Amino acid sequence: MLINSTLSGKKELLLPIHNNRVNLFVCGPTVYDNSHIGHARTYIVFDVVARYLKHKGYSVFYLQNVTDVDDKIIQRATETDASPRLLARKFEQKYLEDMQALGVTNVSYYARASEHIPEIINQIERLIEKGYAYETETGVYFDESRFHDFGKLSHQSVEDLEKHRIEPDPTKRNPGDFSLWKKRQDGPEVTWDSPWGKGRPGWHIEDTAITENYFGAQYDIHGGAMDLIFPHHEAEIAQMEATSGKKPLVRFWMHTGFLNVNGEKMSKSLGNFTTIRDMLKKFDADSFRFFVLSSHYRSPIDFSEDALDQSKKSLERIRQAAKLIEAEIEGSPSTADVASSEKEANDPSILEARARFLDSMENDFNTPYALRAVFEMVRDINRRLNEKSISRNALIDARNLLDEFGQILGIGFSPATGSRAENSEDKTGKLIELLIDMRQKLREKKDWALADEIRNRLTEQGIVLEDAKTGGGKYSIR
RNA sequence: GCCAAGGUGGCGGAGCGGCUACGCAAAUGCCUGCAGAGCAUUACCACUCCGGUUCGAAUCCGGACCUUGGCUCCA
């Protein structure tokens, strides 16, 4: 399959370093606050990347770091008079809950920075030995002038990078040198002993220490959002390629586009963010996943409630078709053709839908194009259901295919809500069903006046009835 | 200033040399006691601008313009 590489700017063929194994690393959160839906976009995208690679038969190890030692955590802890460690744990827990709620379930291992301090120190020592890093009164820095590939990922020259907005630490040799170890003591929980005295790691070093520990000096895919290209990922390349002498650090750098609001990047510093929790109060996770996957992962997307509403409706279309398919399968009792349903799918239209979907995913995870295949299949099935020109076998194949698609995208396409059986757990549900049954008897007697009155008065109570042809029907509580 | 990503129908959003997606919204029809929901069909021939290459360009090559982002906090 083809994956776009930020390094080359081109799509390249995925050939894993270790046979069938794909090592995937994605930059995780800095746990000092609730995550917002911009983060959610990135993590949903890489969840689908992992799902698809697994579906292809690769053994995927998906590693994610958790930055639990950081200036912002310390700052927030100081402001709120909290312990930095407990603050980090609290937001890490909330992050994991958010991911669970979004169906982001394919991370194999979360690695905390604070639990990899020995690996970090070890890597810094090797960088100093090789002459790529030096110590000053304030810390240990990477000497950018020694690493000639610096800037290759962000396509900038070292001279371009001389410009800076933040006043550099005066002890550094070059303004572009970045911190590996900070000689700071901000409290016992965020201070460790090192050959350079007490302190804590710089921002970039944890990722390469962690990936080297689990993957070695080189691995297959590194993901993150575009804002990490510089300086973060550039620094990772410098650190690891300098340490190991092996290039490239990763085969594929994959970067997701931003989630914008009114054309502006959503970010904590701008204050225009919606947390995942708040979003999920208004929309279900599947609608949000659908919204995210409706655009290509590298394109910017503009978040709005209208856009989410539209995604919800689009998803409903697929689910509605799944309902019709299911009802038709249930409704047509097993006949002679059931025996042959064991066979592989052979309906040409369904085979084509599957091929198109998978081809789209093969081409740099083109989920919008893959969704097109889903819609085209849905329309075709609907039409044939109307014409009663589809076999039970084909319907079963279609159902299975929708399940397969749903599995890859992490979206439930199968009908799940609002059925009478599910709502009949409680007494209210039973009472409503009783009314529906009574009303159905009235309808059979063609007592439309009374039947309509029952429906209207239930609607007033927020209970919306949807009659079905055969009677019964469904209801939903608003 | 340098680097990057974009600019496509009413809206969202693919395509990236010919077959001009897909979805939402719209119109018509079907279904229905009615309503809702649903389904089908149809219409919409759109690609920021200016040059060029080509039999043919949204797509390739020049050159503008605009938007957003990065340039040591960021998914």
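If A:R89 satisfies all but one of (1) within 16 Å of RNA strand B (Cβ to nearest atom); (2) under 26 Å from the mean Cα position of the chain (by Cα); (3) charged (D, E, K, R), what's the number of the condition it fails?
(1)
With respect to the numbered conditions (1) touching a residue at least 60 places away in the same chain (Cβ under 8 Å); (2) closer than 27 Å to A:E404 by Cβ; (3) among the polar types (S, T, N, Q), which one is the sole condition not fulfilled by A:T67?
It fails just one condition, (2).
Quick check on my filter: what residues within region A:178-226 are acidic (D, E) and crowded, with 21+ Cβ neighbours inside 10 Å?
A:E206, A:D207, A:E212, A:D220
Restricting the search to region A:441-469, which residues are under 23 Å from A:A327 (Cβ atoms), out of contact with any Gly (no Cβ under 9 Å at 6 or more places or on another chain) and assigned to a loop (DSSP other than H, G, I, E, B)?
Selection gives A:A468, A:K469.
Kindly provide the set of residues from region A:353-388 that are within 7 Å of RNA strand B (Cβ to nearest atom), of a type in the set (D, E, K, R) and within 23 Å of A:S311 (Cβ to Cβ), ordered by number.
Within region A:353-388, A:R372, A:E376, A:R379 meet the criteria.
What are the residues in region A:14-48 that are crowded, with 23+ Cβ neighbours inside 10 Å, more than 9 Å from RNA strand B (Cβ to nearest atom) and among the polar types (S, T, N, Q), if any?
Once the filter is applied, which keeps residues that are crowded, with 23+ Cβ neighbours inside 10 Å, more than 9 Å from RNA strand B (Cβ to nearest atom) and among the polar types (S, T, N, Q), region A:14-48 yields only A:N23.
Could you list, ordered by first residue, the pairs with Cβ atoms under 6 Å in which the first is in region A:371-388 and not assigned by TED's automatic domain parsing to the domain that holds A:R356 and the second is near RNA strand B (Cβ under 6 Å from one of its atoms), at least 6 apart or interchain?
Qualifying pairs under 6 Å: none.
With the condition kept exactly as written, say whether any residue in region A:436-457 is at pLDDT 85 or above and under 30 Å from A:V107 (Cβ atoms).
no
For the list (1) within 21 Å of the chain's Cα centre (by Cα); (2) part of a helix (DSSP H, G or I); (3) among the hydroxyl-bearing types (S, T, Y), I need the number of the one condition that A:T105 fails.
(2)
Quick one: count up the residues across region A:233-273 that are more than 7 Å from RNA strand B (Cβ to nearest atom), within 19 Å of A:F291 (Cα to Cα) and either buried (at least 17 other Cβ atoms within 10 Å of the Cβ) or within 19 Å of the chain's Cα centre (by Cα) (or both).
3
Here are some residues: A:I3, A:I44. Which one is within 26 Å of A:F357 (Cα to Cα) and either assigned to a loop (DSSP other than H, G, I, E, B) or modelled with pLDDT under 95 (or both)?
A:I3
Quick check: anything in region A:222-232 within 25 Å of A:E125 (Cα to Cα) and either among the basic types (K, R) or more than 12 Å from RNA strand B (Cβ to nearest atom) (or both)?
no
Pick from A:E125, A:E79: which is assigned to a helix (DSSP H, G or I), out of contact with any Cys (no Cβ under 6 Å at 6 or more places or on another chain) and surrounded by fewer than 16 Cβ atoms within 10 Å (Cβ to Cβ)?
A:E79
Does A:S332 qualify as being surrounded by 14 or more Cβ atoms within 10 Å (Cβ to Cβ), more than 9 Å from RNA strand B (Cβ to nearest atom) and modelled with pLDDT under 90?
When the stated conditions are applied, A:S332 does not pass them.
The values are calculated or read from the model by the stated rules, or taken from the named source; none is laboratory data. Everything quoted here is computed from the prediction, not taken from an experiment. With ideal geometry, Cβ positions are generated from the backbone for all residues, glycine too; neighbour counts draw on all protein chains shown.
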